[in-house]
Amino acid sequence: MIKLIATDLDATFLRADKTFNEDLLSTVLTKLKTFDGYFVVATGNHVQRVATYFANFSGQYQLIANNGAEVVLDGIIQNVKSLPEHSLSVILSLVEQLKTAPQMGLVYTAADRSFMLASQAPEDPAIVKKANDFFENLIVVDRIEQIDVPVLKATVVVQPEETPEFMQAVRLMLPHQVHVTTSGYGAIDIVNIDVNKANALQYLANKLSIEPDEIMAFGDGLNDMEMLDFAGHPYAMPNSDPALFDHDFNVAVSDNEHDGVLNTILEVLNTQKE
């Protein structure tokens, strides 16, 4: 029996305009209650951004944020894992070696604010606005030493032709210290070595006394791979990164633009008996 459903957001649960079918979600949540089940958002987004998406469903979902660097269980942030402090300067040096300047600069995300170095700040006002819209409370600083809170994630948008080499360089410079993954839209996320959605999902499952074969999970990108491998009922979106189709995952009934996650959930839950 499915007791926990976890879903990625961008290009999985959310449409391109960042909306979703709220009536269908209400139906899913009502159905889950009959099984004492849980709905979990598992995303690279920060806590407050998710809250804006689910403003009408406050208190009705659990959350894995920043690709697993934070877990929010019943409204309480826990299982927080930050980057090693010395890794921040190493990551910066590798970004500065890129042939093409990253689109939105290098951003360090903390629990309730984000930081960008002045040397990395984009000149295009439209890009600046995009960065401020995406990252919470974005603060421009002159030096890394001015970042006085733990950093959960470093994010940079790298040109496709430079992405594999950059990711490998980070792994080589910070072995056994960081986990490097892509989160879609050309973005690369660098987090603590112990951080991924699967580890965070396992933490939640342990807290809620739920087994992997009682978990359904949905994703579309490489940062969802571990979570899909962990879940007993994994679903890749039809619009997923091609690498996900190399695995033995189920495929959702439709893509994110056509309520694929919610329709797949209902199709499965409707076959369950209380």
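The values are calculated or read from the model by the stated rules, or taken from the named source; none is laboratory data. Keep in mind that what you see is a predicted model, and the values were worked out from it rather than measured. Glycine gets a Cβ as well: all are built from the backbone with ideal geometry, and neighbour counts include every protein chain shown. Heads up: the accessible areas ignore ligands, DNA and RNA and are worked out on the full protein's heavy atoms, side chains in. Shrake-Rupley method; radii C 1.70, N 1.55, O 1.52, S 1.80 Å.
For the range 1-92, relative contact order (Cα pairs under 8 Å, six or more residues apart, normalised by length) works out to 23 percent. Take residue 58: with every protein chain present and a 1.4 Å probe, its accessible area is about 90 Å². Take the Cβ atoms of residue 137 and residue 172, set R0 to 35 Å, and the FRET efficiency comes out at 0.60. Distant-in-sequence amide contacts of residue 158, defined by a placed amide H-H separation under 5 Å and a gap of 5 or more residues or a different chain, comprise 188. The residues of the chain have, on average, 45 Å² of accessible surface per residue, using a 1.4 Å probe with all protein chains present.
Sequence-ordered 3J(HN,Hα) estimates for the range 45-59 from the Karplus curve with 6.51, -1.76 and 1.60 and θ = phi - 60° stand at 6, 8, 4, 5, 5, 4, 4, 5, 5, 10, 4, 8, 10, 4, x Hz, glycine and proline given as x. Could you tell me how many degrees, from 0 to 90 and to the nearest 10, lie between the Cα long axis of helix 87-96 and the main elongation axis, the longest principal axis, of the Cα atoms of the chain? With both axes taken from Cα atoms, the answer is about 70 degrees.
Maximal additional length on extending the residue 247-residue 165 stretch stands at 27.1 nm, based on 0.36 nm per residue less the C-alpha distance.
Compared with the dominant principal axis of the Cα atoms in the chain, helix 197-208 is inclined by about 50°. Taking the average, over residues, of other Cβ atoms within 10 Å as the packing measure, peptides 14-20, 203-209 rank 203-209, 14-20 from highest down.
Charge dipole (Cα centre; +1 on Lys/Arg Cβ, -1 on Asp/Glu Cβ; no other charges) of the chain amounts to roughly 480 debye.
How large, in Å, is the range 202-265 by the Kirkwood hydrodynamic radius built from its alpha-carbon pairs? Walk me through the numbers on the way to the answer.
Numbers: mean 1/r = 0.0836 Å⁻¹.
Kirkwood radius, the range 202-265: 12.0 Å.
What does the charge count around residue 129 come to, taking other residues whose C-beta lies under 15 Å from its C-beta (Lys +1, Arg +1, Asp -1, Glu -1)? Every neighbour counted, the sum reads -3.
Counting 0.36 nm for each residue step from residue 263 to residue 126 and taking away their Cα separation leaves a gain of 45.7 nm.
If you build the convex hull over the alpha carbons only and average its shadow over all orientations, what do you get for the range 104-250? Give it in nm² to one decimal.
Values: hull surface 42.0 nm².
Mean orientational projected area (the range 104-250, Cα hull): 10.5 nm².
Close amide H partners of residue 178, meaning residues 5 or more places away or on another chain with modelled amide H under 5 Å apart, are 193.
DSSP assigns beta bridges within the range 96-231; of those with both partners inside it, close to 80 percent run antiparallel.
Post the alpha-carbon centroid distance, the range 181-251 to the range 5-56, in whole angstrom. With the range 181-251 and the range 5-56 each reduced to a Cα centre, they are spaced 15 Å.
Taken over the Cα atoms of the range 114-194, the convex hull encloses 116 Å³ per residue.
Here the relative contact order of the chain, from alpha carbon pairs under 8 Å that lie six or more residues apart, stands at 21 percent. Note on residue 144/residue 57: beta-carbon distance plugged into 1/(1 + (r/R0)^6) with R0 of 45 Å gives a FRET efficiency of 0.75.
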